[in-house]
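Engineer: Shown below is the structure under consideration.
The values are calculated or read from the model by the stated rules, or taken from the named source; none is laboratory data. Quick caveat: nothing in here was measured; it's all calculated off a predicted structure. For neighbour counting, all protein chains shown are included, and Cβ atoms are generated from backbone atoms with ideal geometry for every residue, glycine included. These area figures cover heavy atoms from the full protein model, side chains too; ligands, DNA and RNA do not enter into them. Shrake-Rupley method; radii C 1.70, N 1.55, O 1.52, S 1.80 Å.
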Amino acid sequence: MELAWYALLGLFFATYLVLGGYDYGVGLLLARNTDPGHRRAALNAVGPFFLGNEVWLVAAVGILFGAFPVLEGELLSGFYPAVLGALAGVVLVTAGVQLRSRPTGERVRARWDRVVVVGSVLAALGWGTLLGGLLQGVPLHDDGHVAGLTHLVTPFAATTALAVLALVAVHGATFLTLRLPAAEAARVGRLARRLIPVALAVVALATVAGLLSDRVRDAARQPLAGVLLPVALVAALLVARVALARGRPGFAFVATGAALALPVALVGATLWPDVLVSTVDPGASLAVADAAASTPTLRLLSWLALPLLPALLGFQLMNWWVFRGRTDGRAPVYW
């Protein structure tokens, strides 16, 4: 049962990164767009979705609190700068998108757009730092607590954060090729194709940093997964570039979504059966089974999750169905 809930936690957080990732990607792209009309069109494209996308983060945090209370405590204490930065970014994006739509002048809207950009950067870098910190292990002592924050300021954590930032930008641009009117979508599609080599370069840099890091190599419990999943990520980005070049934004969007979900799978699969690997004392590492709540608690949570999960999926599918197509009312060629 612990494995099932651990997989569900990873699924919910990966889904949040995929769905929330294009929100933050669109926010990042506002930094290079000086035309108020283009900025408004981009935010209108993402507007119907961003609040619903954040529900997946709330659900993932709920699973963490209920099913993995020990892990929740160590994540919040050992990664609080990264988590706090990411959550601050989520709040800034939400506030910026909603408040810019009030009847104010373009100068005020431009300020809120900058808030959205800053929030998007913080969210992407924060979640990327969290994933990188988990992959390289943490200073977990035999008392069961993480000591210090030095594991967040390593070259691998920094390059992983930049890789997630680059993946988010690509994903946001690819999303806009599905939603904007055809003429604007073609322009954003060209931008997405140019961003993919940048993302590939940053992912390669993070991979090299991981290979050169003793901490990352020692933390890997399943080295084969640590090799295969980055290769799959690179393959997903290449598929996205080919799909964009052939005018198939649906394929490209699925591929960039897979590229954003794979880092979560990489953490879970590489560290298994541990969830926190100690760089101080290997015997102090926290296993998934030890981090989970008791079996009766997990069984009770399972009964509570049975009606909630279909409701969450149904809401998301309904939202996508209602707001399908481009913002000018035309349907794109998805595949």
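Engineer: Considering 164, 227, which residue is part of a helix (DSSP H, G or I), aliphatic (A, V, I, L, M) and buried (at least 24 other Cβ atoms within 10 Å of the Cβ)?
Structural biologist: Answer to the check: 164.
Engineer: Between 221, 215, which is within 29 Å of residue 151 (Cβ to Cβ) and in contact with an Asp or Glu (Cβ under 9 Å, 6 or more places away or on another chain)?
Structural biologist: Going through 221, 215 in turn, the sole match is 221.
Engineer: Output the qualifying pairs, or none if there are none: Cβ atoms under 6 angstrom, residues six or more apart or on different chains, first residue in the stretch 140-159 and among the β-branched types (Val, Ile, Thr), second residue surrounded by 14 or more Cβ atoms within 10 Å (Cβ to Cβ) and assigned to a helix (DSSP H, G or I).
Structural biologist: Hits for this filter: 146/74; 146/78; 159/205; 159/206; 159/209.
Conditions tested, residue by residue: (1) among the aromatic types (Phe, Trp, Tyr); (2) surrounded by fewer than 23 Cβ atoms within 10 Å (Cβ to Cβ); (3) more than 21 Å from residue 185 (Cα to Cα).
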| position | (1), (2), (3) |
| --- | --- |
| 231 | no, yes, yes |
| 242 | no, yes, no |
| 248 | no, yes, no |
| 256 | no, no, no |
| 263 | no, no, yes |
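Engineer: Please name all residue pairs, on different chains or six or more residues apart, with Cβ atoms under 6 Å, provided the first residue is in the stretch 177-188 and is in contact (Cβ under 8 Å) with a residue 40 or more places away in the chain and the second residue is among the charged types (D, E, K, R).
Structural biologist: Here the result reads 179/326; 181/326; 181/328, each pair linking the stretch 177-188 to a residue that is among the charged types (D, E, K, R).
Engineer: Could you say which residue among 170, 188, 208 is buried (at least 24 other Cβ atoms within 10 Å of the Cβ) and at pLDDT below 95?
Structural biologist: Testing whether each residue is buried (at least 24 other Cβ atoms within 10 Å of the Cβ) and at pLDDT below 95 leaves just 188.
Engineer: Next question. Whether any residue in the stretch 119-126 is more than 21 Å from the chain's Cα centre (by Cα) and of a type outside the set (Gly, Ala, Ser) is what I want to check.
Structural biologist: No, the stretch 119-126 contains no residue that is more than 21 Å from the chain's Cα centre (by Cα) and of a type outside the set (Gly, Ala, Ser).
Engineer: So in the stretch 1-17, with the set limited to residues that are closer than 21 Å to residue 315 by Cα and surrounded by fewer than 21 Cβ atoms within 10 Å (Cβ to Cβ), which one is farthest from the chain's Cα centre (by Cα)?
Structural biologist: This residue is 8.
Engineer: Restricting the search to the stretch 290-322, which residues are polar (S, T, N, Q) and either surrounded by 13 or more Cβ atoms within 10 Å (Cβ to Cβ) or within 25 Å of the chain's Cα centre (by Cα) (or both)?
Structural biologist: Residues satisfying the conditions are 297, 302, 316, 319.
Engineer: For residue 55, are the conditions met, namely being more than 30 Å from residue 139 (Cα to Cα), open to solvent by less than 20 Å² (accessible area, probe 1.4 Å) and of a type outside the set (Phe, Trp, Tyr)?
Structural biologist: So residue 55 does not fit the description; no.
Engineer: Filter the stretch 267-282 down to the residues that are modelled with pLDDT of 85 or more and either more than 10 Å from residue 138 (Cβ to Cβ) or assigned to a helix (DSSP H, G or I) (or both) and list them by number.
Structural biologist: Selection gives 267, 268, 269, 270, 271, 272, 273, 274, 275.
Conditions tested, residue by residue: (1) polar (S, T, N, Q); (2) touching a Lys or Arg at 6+ places or on another chain (Cβ under 7 Å); (3) open to solvent by less than 30 Å² (accessible area, probe 1.4 Å).
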| position | (1), (2), (3) |
| --- | --- |
| 105 | no, no, no |
| 112 | no, yes, no |
| 118 | no, no, no |
| 127 | no, no, yes |
| 131 | no, no, yes |
| 134 | no, no, yes |
| 141 | no, no, no |
| 145 | no, no, no |
| 157 | no, no, yes |
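Engineer: Also, quick follow-up: Do we have residue 194 as of a type in the set (Lys, Arg), modelled with pLDDT of 90 or more and at negative phi here?
Structural biologist: Answer is yes for this residue.
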